[in-house]
Amino acid sequence: EAQVTQNPRYLITVTGKKLTVTCSQNMNHEYMSWYRQDPGLGLRQIYYSMNVEVTDKGDVPEGYKVSRKEKRNFPLILESPSPNQTSLYFCASSFGLQGGTEAFFGQGTRLTVV
Amino acid sequence: SQKIEQNSEALNIQEGKTATLTCNYTNYSPAYLQWYRQDPGRGPVFLLLIRENEKEKRKERLKVTFDTTLKQSLFHITASQPADSATYLCAVYNNNDMRFGAGTRLTVKP
């Protein structure tokens, strides 16, 4: 089954404790991205990757890191989480953007930083 | 500045009526635009894509229009059902990037 898998689904952590949210897709997609979703603000892009070893900042990259060492995985790293990073996070993938293909989203990770 | 605005945060309609949602964009020249459905606590799910050279696209009870002069897309659900209740997001492709509107929460009352 074609899917994007994020882990964990729920996470409560303390300020400053490094964490990683994993994202994996099984569709051989080139394009992957991370979004955060906050009430009233919609989906805001954090980082995206056009292909292996190619990443770029989205609208709200501060406080986040990503890596794309393999095509299927695109982890999101919070080196020193702060309470303002409490949010619902989504990973998405697609074959590419230029041609106009649908994006597949993961089930989401609800992160709380206390 | 670039903006994507969806007409309202919430829209309530009666079952059987047509729901019309609006997506307006500013300072974009998108090659295409997409609409997604999102249920509470779940990831968005793709519904329809419409390209800049297409005026209208249909899929079952769904219809999307795209007016590049008005910089607007309309999303229609005909013969709406309570199961159509969800948040609907428009997404604009621009410069190797997808940007999303904040969404409209549709409630269809029986």
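Read-outs throughout are calculated quantities, based only on the coordinates presented, and are distinct from any laboratory measurement. Because the structure is a prediction, the values reported are computed rather than measured. We place every Cβ from the backbone using ideal geometry, glycine too, and count neighbours over all the protein chains shown.
In the range B:18-59, what GluC sites (Glu not before Pro) fall in a loop by DSSP, with at most 14 other Cβ atoms inside 10 Å? Walk me through the intermediate numbers first.
Details: sites: B:Glu52, B:Glu54, B:Glu56; in loops: B:Glu52, B:Glu54.
Loop-located and lightly packed - B:Glu52, B:Glu54.
Dipole magnitude of the protein assembly as shown about its Cα centre, charges +1 at Lys/Arg Cβ and -1 at Asp/Glu Cβ only, in debye to the nearest 20? Can you show the working numbers first?
On the way: 27 positive and 21 negative charges, 59 e Å.
With only Lys, Arg, Asp and Glu charged at Cβ, the dipole is about 280 debye.
Taking only the alpha carbons of chain B, what extent do you get along each of the three principal axes, in Å, biggest first?
That works out to 41, 28, 20 Å along the principal axes.
Can you give the Rg and Dmax of the range B:48-102 based on its C-alpha atoms, in angstrom?
Just the Cα atoms of the range B:48-102 yield Rg and Dmax of 12.3, 37 Å.
Find the Cα radius of gyration of chain A, compare it with 2.2 N^0.38 Å by division, and give the number to two decimals. Each step should come with its number before you reach the end.
Working: Rg = 13.3 Å, N = 114, 2.2 N^0.38 = 13.3 Å.
Against the empirical 2.2 N^0.38 Å value, I get 1.00 for chain A.
Enter the mean number of other protein chain beta carbons within 10 Å of the beta carbon of each residue in A:32-42, as an integer.
Values: counts 0, 2, 0, 4, 0, 7, 1, 2, 3, 2, 12.
Partner Cβ neighbours, averaged per residue: 3.
Modelling each spin label as a point 7 Å along the Cα-to-Cβ direction, I'd like the B:Thr22/A:Glu62 distance in nm, to one decimal.
3.3
Would you tell me the mean number of C-beta atoms belonging to other protein chains that fall within 10 Å of each C-beta in A:100-109, as a whole number? Before the final figure, lay out the partial values.
Values: counts 10, 4, 8, 9, 4, 7, 2, 3, 5, 0.
Per residue, the number of nearby Cβ atoms from other chains is 5 on average.
Quickly work out the A:Lys17-to-B:Ser29 label distance, labels modelled 7 Å from Cα along the C-beta direction, and quote it in nm with one decimal.
Rounded to a tenth, the inter-label distance reads 5.0 nm.
Compare the peptides A:54-67, A:27-40, B:76-89 by average per-residue count of other Cβ atoms within 10 angstrom and give them in order, highest first. Could the numbers behind the result be given before it?
Numbers: A:54-67: 15.4, A:27-40: 19.1, B:76-89: 17.1.
Order by mean packing, descending: A:27-40, B:76-89, A:54-67.
Label 7 Å along Cα→Cβ of A:Ile77; the range A:28-65 residues with amide nitrogen under 14 Å?
Correct set: A:53, A:55, A:63-65.
Which trypsin sites (Lys or Arg not before Pro) in the range B:8-69 pass both tests, a DSSP loop state and at most 16 other beta-carbon atoms within 10 Å? All intermediate terms of the calculation are to be shown ahead of the outcome.
On the way: sites: B:Lys17, B:Arg37, B:Arg42, B:Arg51, B:Lys55, B:Lys57, B:Arg58, B:Lys59, B:Arg61, B:Lys63; in loops: B:Lys17, B:Arg42, B:Lys55, B:Arg61.
Here the trypsin sites (Lys or Arg not before Pro) that fit, given the DSSP loop and packing criteria, are B:Lys17, B:Arg42, B:Lys55, B:Arg61.
Using the Kirkwood formula over every pair of different C-alpha atoms, what hydrodynamic radius in Å results for the range A:17-60?
Values: mean 1/r = 0.0839 Å⁻¹.
Kirkwood radius, the range A:17-60: 11.9 Å.
Cα extents of the protein assembly as shown along the three principal axes, largest first, in whole Å?
Largest first, the protein assembly as shown extends 50, 39, 36 Å along its Cα principal axes.
Rounded to the nearest Å, what's the spacing between the alpha carbon centres of the range A:70-114 and the range A:27-46? Just the number, please.
5
I'd like the FRET efficiency for A:Glu1 and B:Leu70, computed as 1/(1 + (r/R0)^6) with the beta carbon distance as r and R0 of 35 Å, rounded to 0.05. Don't skip to the end; give the middle numbers.
Values: r = 40 Å, r/R0 = 1.13.
FRET efficiency, A:Glu1 to B:Leu70: 0.30.
Based on the mean of other beta carbon atoms within 10 Å per residue, what is the order of B:24-33, A:83-92, most packed first?
Peptide ranking by packing, descending: A:83-92, B:24-33.
Over chain B, what is the mean sequence separation of C-alpha contacts under 8 Å (at least six apart), divided by residue count, expressed as relative contact order in percent? Mind showing how you got there, number by number?
Values: 270 pairs, mean separation 40.0, N = 110.
Averaging sequence separation for qualifying contacts and normalising by length gives 36 percent for chain B.
Using the Cα atoms as the points, what is the convex hull volume per residue of the range A:65-114 in Å³? Before the final figure, lay out the partial values.
Working: hull volume 4.9 nm³, N = 50.
Once divided by residue count, the hull of the range A:65-114 is 97 Å³.
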